[in-house]
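Let me begin by presenting the structure, written as structure tokens, before commenting on it.
The values are calculated or read from the model by the stated rules, or taken from the named source; none is laboratory data. In this text the structure is predicted, and so the values were computed from the model without any measurement. Every residue, glycine as well, gets a Cβ built from its backbone with ideal geometry; the counts of neighbours run over all protein chains shown. Each accessible area value is taken on the protein alone, full model and side chains, heavy atoms only, with ligands, DNA and RNA left out. Shrake-Rupley method; radii C 1.70, N 1.55, O 1.52, S 1.80 Å.
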Amino acid sequence: MPAEEMGQISRRLRLTFAVTSVLFVVALAISPVRDLLSEWKHYKRAYVRFAQTRPDTKRLLADYRPQIDQIWIPDLGVVDRCTTCHQGITQASLLDPAVPQPFRAHPPIPHPALQWGCTACHRGQGAATEVTEAHETTLAWEQPLLPVHFIQASCGTCHRADLRETPQLDRGRALLVQLNCVGCHRLRDVERPEMLGPDLTNVGTKVSRQWIYKWLKEPRSVTDANGNVTVNGYETEDTPRMPQFRLKEQELRDLSGYLSTLQSKPAQPYHFDARAPAAPGKGSDPADQGELRFRQMFCSTCHSLSVTRAGTTSLIGGDIGPELTKVGSKVNPDWLIAWLRNPQAYLPHSKMPRYQWSDADLYDVTQYITKRLTDPDLLAGVPSLGAPTADEIQRGRRLFVDKGCASCHVLEGMPSQRDLGPDLSAVGAKDVSQLSFGESRIPRNLIAYLQAKITDPLSVNPAARMPVYHLSSDDLDALTTALLSMTGAPATAGLQKLVVSRSQESFHPAGEFGRVYERYKCYVCHQFNSFGGTLAPDLSYEGSRAQRQWLTDFLKDPKTVRPTLVLRMPQFNMTDQEAATLAAYIGTVLNSPDVDPSAIDTKQFTPERAALGKQLYEVKYECQSCHTIGASGGYVGPNLNNAGNWLTPAWIEAWLRNPQKLVPDTIEPRRAFTNDEIQALTAYLLTLRASGKPQGSAQVARITEESLKGERLP
């Protein structure tokens with residue numbers, strides 16, 4: 001080969017080699033350049049520059065390191081690199097909202113980031129070092145960062161009981177119960193109650209076919225200020241228990257026809273004492289007398305009535321029982337009388353107490369309900385519906401099953417339907433790829449899916465049987481938060497140990513007290529050892545607080561000690577024996593360990609101490625600012641007119657020493673009383689009897705001795 005050719009080839013090879021080398025060097029440089037320009041290093045450098053502008057630079061950079069930061073907690077399955085960018089997460093001086101993200105400190109919480117990591121609460125991909133990978137849904141990761149608005153859902157993953165710090169989560173959990181979601185879905189920590197919706201075995205004896213048709217079509221029509229009609233459950237309520245089902249005209253006829261035939265136990269007419277309708281001294285319409293008794297018995301403590309004032313309609317009363325504004329146009333009069341006499345004969349699990357009615361009161365109250373609580377236009381627009389045909393009844397029964405009505409309603413001879421809808425006990429942990437969005441045009445994420453499923457089920461599943469719920473935006477977010485908290489079984493043993501279960505309290509005493517307790521449903525309003533309602537005072541320590549005779553008298557004729565309260569204890573017309581039974585049990589069993597009657601020395605309550613107590617009450621501590629005696633005083637605290645008959649000396653002394661120890665949420669201030677002042681105030685309060693005027697000083701010792709005797713069983 002000629003030398004020239006060899007030279008040309010040699011130069012070409014050298015050129016090729018040179019170009020290849022340059023490309024190789026460029027390729028090698030890409031990796032360190034990309035690393036140098038990576039997001040996490042950008043935030044690291046930005047944090048240093050930011051810290052250098054602060055007066056506490058030295059402290060902010062004390063634990064700074066240029067490498068990737070990582071929190072590793074094997075027991076919790078946590079591998080978090082979030083603090084690589086969120087450098088100031090633990091710096092108290094960076095809590096100011098003016099501090100830019102991602103350097104702002106985390107608000108104080110019981111779970112420090114360095115001990116718990118970040119993804120345990122905020123979700124996202126903890127091992128990622130790029131914002132998109134860490135915060136959003138990607139092809140490799142389907143659990144994006146949880147928006148702060150729904151962050152309370154993470155608290156509910158471990159804390160199964162309500163927390164003061166999580167009102168949105170607690171509201172959502174309450175809605176899951178109120179809306180009877182457990183009727184169709186399996187939900188974590190939501191037990192299926194004995195009765196979700198009313199027992200319909202005898203619904204045909206209670207209401208007409210026309211009313212059933214109206215209810216199925218519009219569970220209650222509400223007209224807003226603009227004249228628009230919306231279907232929103234009970235009138236003026238935001239969260240109806242009965243949702244609106246998408247029923248066609250023929251389906252409404254069939255289902256109403258079938259339900260109207262359910263009359264296995266027809267209501268028998270009640271024969272009033274002949275003297276009841278014409279009781280002596282009435283001289284007025286029985287409906288007027290009935291309204292008076294309705295109010296005197298404080299039926300509105302549990303039931304609300306719609307009242308229109310200045311063009312605005314609102315509900316006045318409680319929400320334990322149904323609203324009664326138009327109930328007279330709804331129910332059969334014979335059924336109403338039978339219900340008032342014995343609610344449990346129709347619904348064994350009803351919360352309605354069984355009153356001791358006189359025939360005169362029962363007649364008057366039913367006259368009031370059937371004549372005054374009515375709406376002549378309630379069934380306007382309902383088509384003419386005669387007796388149902390055999391075909392309608394057959395189709396209606398089939399609809400009852402197909403629509404899942406038996407999930408909430410009991411029907412004799414028909415088995416209860418369970419799990420009609422999907423299991424939601426782990427819905428909060430579902431990946432996007434596990435969700436069916438159909439043809440809906442909503443963001444492809446779990447939150448958007450849940451909210452679409454609740455508000456418009458057909459948008460994500462045209463074949464959905466789920467009814468329509470009309471919720472406010474706040475309630476929708478609360479319900480979404482509760483569902484997001486349901487993430488299934490803990491992924492690790494360490495997480496399992498962190499679960500704080502919801503306590504299942506129960507208080508169902510036996511014996512004669514238990515019978516009376518169940519008859520009057522005391523636990524619906526009152527709590528007993530953490531079991532029961534919260535409408536009325538907690539009675540767990542009532543035996544230490546109230547004297548026996550006062551309890552007996554109060555149960556027979558409840559007189560409020562807080563005159564400004566609208567909701568008060570109903571008048572049950574208890575017998576003497578029933579009142580004595582309740583008072584004896586309460587006084588013996590429901591006592592506080594912090595109240596010791598044996599430590600009270602009756603000799604300390606002298607007339608001189610009572611006089612000193614009066615001065616302390618009126619002058620030094622000005623207790624009349626909140627409490628009323630006689631015709632003067634404030635209305636923040638209870639009326640003390642009858643404190644000497646009502647309160648035990650041991651309770652008064654314990655209360656004055658530390659009211660929060662007895663009732664943690666009380667607004668009564670804890671004052672630094674001396675022992676002498678406590679004894680003097682107690683001596684004075686024990687002189688206060690029903691008239692509101694102090695008893696004579698010579699009677700103080702006798703009153704105290706009687707009060708102490710009242711704490712013991714006879």
On the first, second and third principal axes, largest extent first, how far apart are the outermost C-alpha atoms of segment 508-590 in Å?
36, 27, 24
Using a probe radius of 1.4 Å on heavy atoms only, what accessible surface per residue do you get for segment 35-75? Whole Å² is fine.
70 Å²
Please work out the average accessible area per residue across segment 475-549, using the 1.4 Å probe convention, and give it in Å².
45 Å²
Could you list which residues have their amide H under 5 Å from that of Leu145, counting only those 5 or more apart in sequence or on another chain, with H placed in the peptide plane?
Gly124, Glu136
With no solvent and one equal point scatterer per Cα, compute the Debye intensity ratio I(q)/I(0) for segment 457-524 at 0.14, 0.22, 0.27 Å⁻¹ and report its log10, rounded to two decimals.
-0.85, -0.97, -1.21
In nm, the gap between the two label points placed 7 Å beyond Cα toward Cβ at Asp273 and Glu142 is 7.2 nm
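Tell me the mean residue ellipticity at 222 nm calculated for the chain from its helices only (DSSP H runs of n ≥ 4, each -39500 (n - 2.57), averaged over every residue, nearest 500).
Numbers: 30 runs with 274 residues, N = 714.
When only DSSP H runs of four or more count, the value is -11000 deg cm²/dmol.
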Could you list, in their original order, any pairs among Lys559/Lys603; Lys248/Lys430; Lys521/Lys556; Lys521/Lys559 whose Cα atoms are separated by more than 23 Å?
Lys559/Lys603; Lys248/Lys430
Of the accessible area of segment 99-156, with the probe set at 1.4 angstrom, what percent is carbon plus sulfur?
65 percent
Report the extension gain between Leu292 and Asn342 in nm, rounded to one decimal, defined as 0.36 nm multiplied by the number of residues separating them, less their alpha carbon distance.
15.8 nm
Express in Å², to the nearest 10, the accessible area of Ser329 obtained by rolling a 1.4 Å probe over the protein heavy atoms while all chains stay in place.
40 Å²
Centroid-to-centroid separation of segment 586-616 and segment 170-198 [C-alpha atoms, Å]
46 Å
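Could you put Leu616, Leu23 in order of accessible surface area, largest first, with the 1.4 Å probe and the full protein assembly present?
Leu23, Leu616
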Kirkwood Rh (inverse of mean 1/r, distinct Cα pairs), segment 399-527, angstrom
18.7 Å
Applying the Karplus parametrisation 6.51 cos²θ - 1.76 cosθ + 1.60 with θ = phi - 60° to the phi angles of segment 130-141, what ³J(HN,Hα) value in whole Hz is obtained for each residue in order, glycine and proline being reported as x?
10, 4, 4, 5, 7, 9, 10, 7, 10, 4, 9, 8
Got the relative contact order for the chain handy, in percent, Cα pairs under 8 Å and 6 or more residues apart?
12 percent
Amide H proximity to Asp199 below 5 Å, modelled H, separation 5+ or other chain, gives Val410
Of the peptides 361-372, 532-543, how do they stack up when ordered by the mean number of other Cβ atoms within 10 Å, highest first?
361-372, 532-543
What ³J(HN,Hα) values, in whole Hz, does the Karplus curve 6.51 cos²θ - 1.76 cosθ + 1.60 give for segment 86-92 when θ = phi - 60°, with x put for Gly and Pro?
7, 5, x, 4, 10, 8, 4
Could you work out what % of the accessible surface of segment 515-558 is carbon and sulfur, using a 1.4 angstrom probe and leaving DNA, RNA and ligands out of the count?
51 percent
Integer Hz, Karplus 6.51/-1.76/1.60 couplings in order for segment 490-503, x for Gly and Pro:
x, 6, 10, 5, x, 5, 4, 5, 7, 5, 9, 6, 7, 6
I want to verify the translational diffusion coefficient of the chain in µm²/s; compute it with Stokes-Einstein, Rh as the Kirkwood radius over Cα pairs, at 10 °C and 1.306 mPa s.
50 µm²/s
Could you compute how much accessible surface Tyr585 exposes when probed at 1.4 Å, giving the result in Å² to the nearest 10?
50 Å²
Sequence-distant residues sharing a close amide H with Val78 (under 5 Å, placed H)
Ile73
Rounded FRET efficiency, nearest 0.05, which uses the C-beta distance separating Ser501 from Ser38 and R0 of 41 Å:
0.40
Under a plain spin-label model, where a point goes 7 Å from the Cα along Cα-to-Cβ, how far apart in nm are Asp63 and Ser632?
6.2 nm
Taking Cα atoms of segment 93-196, Rg/Rh with Kirkwood Rh, to two decimals?
1.06
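Counting only complete DSSP H runs, which helices of the chain cover 30 Å or more along their long axis at the Cα atoms and score a mean Kyte-Doolittle of 0.0 or above?
3-36
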Quick one: Cα centre-to-centre distance for segment 326-391 and segment 431-449, in angstrom?
46 Å
